1. Which FRET efficiency value, to the nearest 0.05, do you get for residue A:172 and residue A:120 by plugging their Cβ-Cβ distance into 1/(1 + (r/R0)^6) with R0 = 30 Å?
2. Work out the charge dipole of the protein assembly as shown with +1 on the Cβ of Lys and Arg and -1 on the Cβ of Asp and Glu about the Cα centre, then indicate which of B:246, B:124, B:597 is farthest towards its positive end.
3. Using Cα-Cα distances under 8 Å and only pairs 6 or more residues apart, what relative contact order does chain B have, in percent?
4. Around residue B:503, which amide H atoms from residues at least 5 apart in sequence, or from another chain, sit under 5 Å from its own amide H, with H modelled in the peptide plane?
5. Taking Cα pairs under 8 Å and at least six residues apart, what relative contact order does segment A:15-205 come out at, in percent?
6. Quick one: among A:46, A:29, A:85, which has the greatest mean-square fluctuation in a GNM of chain A with alpha-carbon springs under 10 angstrom?
7. Report the label-to-label distance for residue A:64 and residue B:276 in nanometres (one decimal), using points 7 Å from each Cα along the Cα→Cβ vector.
8. Can you compute 3J(HN,Hα) from phi for each residue in segment B:63-71, using the Karplus curve 6.51 cos²θ - 1.76 cosθ + 1.60 with θ = phi - 60°, rounded to whole Hz and x for Gly and Pro?
Amino acid sequence: MSEQAIKHPGLNLGPAHGKDDEAAGTVMFGFWVFLMSDAILFAMVFATYVTSLHATAGGPGPRDLYDIKSVFIETMLLLASSFTFGMASLALKYKHRKARLIGWMVVTLVLGVAFLGFELHDFSSMFVKGGVPSRSGFLSAFFDLVPLHGLHVTAGGIWLICLVGQIVRYGLDTKTKLGIMRLALFWHFLDIVWIAIFSVVYLAGLT
Amino acid sequence: MNIVDPPLGRLQWSSLPFWDMLQHPTKGNIINGLIATGAASLVVIGAIALVVLLTKYKLWRPLWSNWLTSPDHKKIGIMYVVIALVMLARALIEAVLMRGQQAFGLGGGFLSPEHFAQLFSTHGTIMIFFMAMPFLTGVINYVMPMQIGARDVSFPVLNSISLGLTAAGAALVMVSLVIGKFSTGGWFGYPPYTEANFSPGVGPDYWIWALSLAGLGSTLTGINFAVTIYKERAPGMQWMRMPLFTWTALCTAIIMIFAMPPLTVATAQLALDRYLGFHYFTNALGGNMMNFANLFWLFGHPEVYILILPAFGVYSETISTFSGKALFGYRSLVMATMAIALLSFTVWLHHFFTMGQNANINAVFGIASMLIGIPTGVKIYDWMWTMFRGRVRFTVPMVYALGFIVLFVLGGMSGILLANPTIDYQVHNTVFLVAHFHNVAVPGVLFGMLSAYHFWFPKAFGFRLNERWGMISALCWIFGFVGAFFPLYALGIMGLPRRTVAYTEARYVPLEWMAFLGALLILVALLALLWQLWLSIRDRADNRVFVGDPWAGRSLEWANSAPPPEYNFAVIPQIESRDAFTAAKEQGRAYLRPDTYVDIELPKNSAMGPAIAAISFALAFGLVWHIWWLVILCFLAAIASMIIRGFARDTRRIVSAQQVRQEHHRWIDAVDQATAISRADECTSVNVGLARQEADGVVP
């Protein structure tokens, strides 16, 4: 088996990138490990949510507060953004024009911001209906889990802007390439977490 | 909300430790006020003295460029250990105060209940998070990369940032002595007691943010260590050739990665309860404090193994080295370490057997807890077989290891007792439990770290520690421990609850006094340790071991000079077997001059570590005292610093082949001039760090 064949997906850029491909090994592995730790963080918050599901203390519950249409749009936006980031990753890997790479990244950012806009709108309409975090254990748990994901997306958005800045400033050097690869992983990871949120929080809450 | 009014949040004159004493000068207030003010003065005077000394000897620049901004894992490791030793001194003095209070505690004593509660809360918090954790992180940082033949950890600047976060947390706990009061909720800060309506002061906030910073630092450290061991091993360093200390470091790192997030979640949720009126753990509106208990111990139990595994690794190294034999049952020790790491996640519920779950659940967790005794027992036998027919030398690290074996087995036995829920119900919340966990934590973790300190000090600083005072200190630790904690087993069975400031049973008094005297002996041990350090520095010229192998070491951290060059190895070693350095010495390839040297690339210094330390400390301080403008400012500064770091490019520097050759030749010249010594002379000044080769385990 050749050296290249045993490299795991998500850890490499392909042999065409030479030294950058070698550098990716350690850095990407480190980021996978970080994501593992972050996944535990989310798991704990999910556990809090599930155990607090019935702790509404007489306040509004899932059926009173969730708006599945809006959440569905958010889901589509986020899934689409994962796809566009995938296109950005391909543009990086196959050395397409820099403009194309930046283009896909900007589209991803726009989709992410739209997602956050819808999410904030959801929160504010929940607030209007009396669904504030200090109302009950259930709402506390909700506002731990869903905004934690939102904060991650926000951080990812800021990171994305910085990376575009680095591409403009330095071009595609090793550090920028590795940054884009890590953000890609992070972005897809958040997508997976969102699917869990959509299923556990929204779908299960409304059935 | 106005973010600048009041400008200092809830910080007021009454936050100072002597305020109560001046406003309400009753006898009790004066005693407590004097103790608190004395402690605060020690912190302030210590800080001022440090600043004065640094200024007087013009050490600010060297401190900044050689230490604080250094990404060198060896320097970071040393700084971790310095933090640990400072915090050890404080928490140990607190322990002596508590034992003193209990000795006089029949119907009163001299401390107020609140002061006593602060003492046990800070003592526990410091010993776990700011003594044991930095100590083991420091030792792993120093030793592990060299044991696997690497130049540094995988992410050197991240390493420096982890140190900064830990240091900020430690500083926060120290500041709580001077400004305001620390939590009275114990080291695990159970709500609802620590919620805002029962503990409205700043205490739990200090606790929350100190733990959050330390926890974040440890998560990053865990990632760094694990990736380093996976990715940076020298050619030929296969898994089953790694020194056992590296194995334990790996297991500890993996536990850190998985066990720290629950702590982060628990403290963050408690903070949201306290700051924004959420209801995670409150009594009313659907809060559930059992979630806290589960989250905390889901971290807290694996944490116990984060602490003990590296100590097991240290004992494996010291026992094997000072018995002059390869480790017995290497494979079983590796398996046992892995088994313990796995089991550590399956027993958290035994911390609250009495909190109302059904008997079957208790039974499952009780059995799981007892199972941990099996791999631990395997280890104990392996260490004893390692000594068997070895040529055992009673050096200081070995004395700690022997004290550990005897005492830790007893502590483990009391743990097996407590793992049985029916027995746990009887002694729950008594000092029997206190005796048990100190019995595993002190002879286990602390003796392990002190053993490591004596073992690797000559490597780190180039001279041996004073043997005589080391021995005095070790014996005082061992017998002081026995005196201080064995009485607590009896007191616990007699019914003395833990954390009580005073009691009414006269029959407790003799045992309490015995425990107090034991605690004083431990204080003597600490003083002996400091005295030893002073003597060793004074006499360092007589005890130099520049050649680098003072103990006939077996693994690669001994295969370079003492102190080692910043790049660790002039040429990355090629590993062909276990105990790589012993093999190299036997085959006569330990001290060779290679034909060619190459340039070595190292990370440049970075101000990220100290910057994050300062920013996160100020952020946490602002949060504790509700100084919102400071919070916002520091939050933005933290983000900005990370963005700026992202744009940094010129982050590597080159050590020229010429310089490497020069330094390496200087060392090999020293090796050539040195006389190899036998093990009988290793604690005398003829030991310059070159060991005469002797066959394994020969009885003379």
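Where a number appears in this text, it was derived from the coordinates with a stated rule and is not lab data. Fair warning: this is a prediction, and the values are worked out from it, not measured in the lab. Here the Cβ is made from the backbone with ideal geometry for all residues, glycine too, and neighbour counts use every protein chain on show.
1. Details: r = 34 Å, r/R0 = 1.12.
E between residue A:172 and residue A:120, to the nearest 0.05, is 0.35.
2. Comparing the listed Cα positions along the dipole, B:597 ranks first.
3. Values: 1184 pairs, mean separation 122.8, N = 700.
Result for chain B is 18 percent.
4. B:106, B:107, B:108
5. Details: 157 pairs, mean separation 63.0, N = 191.
About 33 percent, as a whole number.
6. Answer for the Gaussian network model of chain A: A:29.
7. 2.0 nm
8. 4, 5, 8, 8, 10, 4, 9, 6, x
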